[in-house]
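Working notes for the structure below.
Any read-out appearing in this document is the output of simple, stated calculations on the displayed coordinates, not a laboratory observation. Fair warning: this is a prediction, and the values are worked out from it, not measured in the lab. So basically every Cβ, Gly included, is an ideal-geometry build from the backbone, and we count neighbours across all protein chains shown.
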Amino acid sequence: MYGVRIMSSHKLPEVISRLSKIEGHIRGIKKMAEEGRSCDELLLQISAVKSAINNVGKLILEDYLEDCVVEGVRKQNDQETVERLKNALKKFI
């Protein structure tokens, strides 16, 4: 096992920024619900949050492929690298 690896430092700020925006968006949706806004307005905003979360996941997956998978192959942990990648994809997709 080549160990647990955190995200690369060059993508982490973007991920954190996007997650902060999503957090704010969710707070906004909660406020909309408390104000009694219409279901279609709430659903539209929820759809936007789902899309934003999916995009953050893609960014993290991209980082995983670019750094973790490459590192695992470089260290000749091919089988374990493939298994970890498969598990990550199963969780994300």
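In whole Å, what are the Cα extents of the stretch 12-92 along the three principal axes, biggest one first?
Over the stretch 12-92, Cα extents along the principal axes are 57, 24, 13 Å.
Just to be sure I understand the model, the point goes 7 Å from the Cα along the line to the Cβ. What's the resulting residue 9 to residue 40 distance in nm?
5.0 nm
Order these by the 10 Å Cβ neighbour count, fewest first: 22, 93. Each step should come with its number before you reach the end.
Values: 22 17, 93 7.
So the ranking, lowest neighbour count to highest, is 93, 22.
Suppose R0 equals 30 Å; then what is the FRET efficiency for residue 80 and residue 53 from their Cβ-Cβ distance, rounded to the nearest 0.05?
Details: r = 28 Å, r/R0 = 0.94.
So the FRET efficiency works out to roughly 0.60.
Which order do peptides 50-59, 28-37 fall in by mean Cβ count within 10 Å, highest first? Before the final figure, lay out each step's value.
Numbers: 50-59: 13.3, 28-37: 11.5.
Put in order of decreasing packing, that is 50-59, 28-37.
Please rank 39, 68, fewest neighbouring Cβ atoms within 10 Å first, as an exposure proxy. Could the numbers behind the result be given before it?
Values: 39 8, 68 21.
Fewest-to-most Cβ neighbours within 10 Å comes out as 39, 68.
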